[in-house]
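Please treat every number below as a calculation from the coordinates, not as lab data. All values derive from a computational prediction rather than experimental measurement. Neighbour counts are summed over all protein chains in view; Cβ atoms, including those assigned to glycine, are modelled from backbone coordinates with ideal geometry.
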Amino acid sequence: SIYEMFGNECCLSTGEVIKVIGFKINKLIASICENNEDSQISAKVELPLNFPGLYKVVADKTPYLSIEEITQKFSIGPTRFGHPSFCCPEDIKLANLTIKCGEQITFSSVEEINGTMAVNCGVVRNNQSHSFTLPLSQEGKFYECEDDQIYTLKEIAEWKIPKSRNRIVKLSNTLHVWDSSNPLPENFGGCLILTPVYEVKAVMKFRKDIVHILSDLDVEVKDITDCYDISSFLQPLSLKDVFERTSKEFPMVAEIMEGPQGSQKLYNLLCTGKEIIFYKKYQAKRVLASEIRSDSPKRHFLIPMSYKGKFKRRPREFPTAYDLEIARSEKEQLHVVATKAFDSPHKELFSVSVGDQFLVQQCQTSEVLYEGRKKAVDVLACEQILSNTYKKVLIPMYMEGGFVEVIHDKKQYQLSEICKEFRLPFNVKVSVRDLSIGDDVLAAVPGLQLEEEITDSYLLVSSVSGPGDSWEIPVYRLNMSVHLLGKDVQTVVPPATRTTVEEISEEQYYMVRRYENQTLYPPPRPPKKPA
């Protein structure tokens with residue numbers, strides 16, 4: 001069989017020895033059930049992983065019979081996508097804890113403890129989390145718990161389809177635009193039974209690159225793992241594999257077998273066949289920033305704390321009085337101008353006109369007359385700025401209006417100063433670009449909203465041929481494969497690290513936010529206007 005994929009022609013001849021190093025889902029075959037998973041299948045369609053829509057996962061009714069089986073079937077990883085939950089119909093007695101029947105057990109990671117492979121788990125009781133471990137040898141009936149989150153098809157394919165099982169999902173939101181080219185029925189509200197079609201990643205004895213083989217390619221193979229010396233093959237490693245190595249193993253020299261795809265300058269340095277040095281692994285802080293613009297798509301960036309450019313403040317916009325309360329700080333008084341009028345239904349509270357200026361004071365409670373009775377409501381105490389005096393006023397917290405910040409601060413700030421002195425999100429513009437970056441992409445952006453600080457995993461690398469600079473490369477956003485060369489590293493101390501502002505896609509932006517905020521809850525909704 002001769003086939004071509006990703007520009008690589010590959011010949012699989014009889015007797016060829018192939019080492020399978022991994023596989024991923026390439027596409028999904030969806031069986032359409034009009035009502036629920038037990039109803040008759042009306043049609044089968046092929047769905048790409050980027051097919052639009054958000055989906056709820058239906059818990060599998062077939063139990064798993066051991067912890068080992070669960071670890072073999074599920075991706076258990078560092079983010080909440082890789083934290084599946086199960087319950088057991090019988091009590092599980094441990095040395096210092098008894099897991100009661102029906103309790104939800106969340107799996108967080110797999111590791112070796114005192115020579116035995118085990119899973120780190122947790123249960124929540126009375127809002128308190130209790131951690132424990134279960135050995136892979138633990139047997140019993142483990143049923144998957146209901147998942148109240150919603151996911152894209154790509155997320156489901158990567159994390160939520162157990163190996164050698166199908167996955168049933170329900171469409172959570174209706175597709176915004178439906179046309180005849182859509183493979184799903186119009187106003188579809190039933191279930192989809194997803195069957196994955198895999199792409200196998202493999203290496204061959206006399207090739208340095210990685211070959212990709214679709215699982216439905218018409219080739220017959222025989223498993224010879226037990227009777228073949230697999231050490232004669234190259235051992236490809238992903239960046240995640242490299243990151244999981246112990247710190248003592250660094251630095252190490254590797255050759256890139258499959259470089260990342262993209263147009264950023266860093267990607268050009270990481271091309272296939274190049275030799276690089278991995279100096280160390282670590283966690284580093286970044287500030288997630290988005291371009292300020294009314295239309296979409298917005299550009300998104302991850303800015304390192306080493307960024308040497310300077311920023312000037314830009315006015316923030318606040319849609320409600322509640323947003324003013326969130327944004328105010330003890331450091332400086334918030335000065336705003338109203339951009340939308342508001343008529344108060346109570347004489348005790350202030351009616352706002354367009355152009356009114358206020359200094360925001362604090363949130364408090366005030367009594368108003370409501371249907372002949374006194375009622376306590378949350379209000380925002382402000383000072384209205386008049387021509388030559390100030391007037392104390394109360395604005396209802398539920399007010400839907402519009403305000404724009406008035407900036408008096410002309411100072412230029414480093415990124416670290418902003419993170420230390422102000423509460424994010426915070427609006428800025430680059431006033432002095434970072435001269436150490438050849439092309440500072442932030443300097444050309446008219447306005448940036450610094451949204452939040454995140455912590456991410458990085459590897460520090462440099463080129464073997466020209467180790468003049470070192471670069472930080474993100475572990476979870478860069479897809480590339482390397483193999484270790486076993487060469488000695490001449491210099492253990494890495495060269496100066498180049499500052500890199502990473503521009504990320506819309507999809508990566510939402511992934512970063514979801515990973516970072518896995519334990520955070522949304523802020524409370526602002527008070528509703530009385531009926």
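Does region 63-145 come out rounded, prolate or oblate by the C-alpha gyration tensor, with a ≥ b ≥ c the root eigenvalues, rounded set by a/c under 1.5 and, if not, prolate when a/b is larger than b/c and oblate if not?
rounded
For a 27 Å ceiling on Cα separation, which of these pairs sit above it: Lys56/Lys285; Lys24/Lys222; Lys240/Lys285? List each step's numbers first, then the result.
Working: Lys56/Lys285 32 Å; Lys24/Lys222 20 Å; Lys240/Lys285 18 Å.
Table pairs above 27 Å Cα-Cα are Lys56/Lys285.
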Response to the item:
Contour minus Cα-Cα span, Cys145 to Thr272, at 0.36 nm per residue, comes to 41.4 nm
Worksheet, complete the sentence: In nanometres, the difference between 0.36 nm per residue of separation and the alpha-carbon distance of Glu330 and Ser351 is 4.9 nm
Worksheet item: Could you state the per residue volume, in Å³, of the convex hull enclosing the Cα atoms of region 317-405?
Response: 88
Worksheet entry | 17 Å Cα-Cα reach of Lys487 towards lysines, excluding residues that sit fewer than 8 places from it in its own chain | Lys248, Lys274, Lys280
Item to complete: Indicate the gyration tensor shape class of region 94-205 (rounded, prolate or oblate), computed on the Cα atoms with a ≥ b ≥ c the square roots of the eigenvalues: a/c under 1.5 is rounded; otherwise a/b larger than b/c is prolate and the rest oblate.
Response: oblate
Item to complete: Excluding residues on the same chain fewer than 8 positions from Lys375, give the aspartates and glutamates whose Cα lies under 14 Å from its Cα.
Response: Glu348, Glu367
Discussion item. Taking the Cα centroid of region 200-214 and of region 429-474, what is the distance between the two, rounded to the nearest whole Å?
Written reply: 34
Item to complete: Using a/c under 1.5 as the rounded threshold, could you call region 14-173 rounded, prolate or oblate? The axes a ≥ b ≥ c are square roots of the C-alpha gyration tensor eigenvalues, and prolate needs a/b larger than b/c, oblate otherwise.
Response: oblate
Fill in: Cα convex hull of the chain, projected area averaged across orientations, nm²
33.9
Item to complete: Could you pull out every one of the lysines with an alpha carbon less than 16 Å from that of Lys429, ignoring same-chain neighbours closer than 8 positions?
Response: Lys298, Lys308, Lys310, Lys312, Lys410, Lys411
Worksheet entry | Label point distance in nm, Arg513-Ile224, each placed 7 Å from Cα along Cα→Cβ | 5.2
Worksheet item: Helix 506-516 versus the longest principal axis of the chain: what is the Cα-based angle in degrees, 0 to 90, to the nearest 10?
Response: 80
Worksheet, complete the sentence: Note: Val406 to Cys101 extended length (0.36 nm per residue) minus current alpha-carbon separation gives 104.0 nm
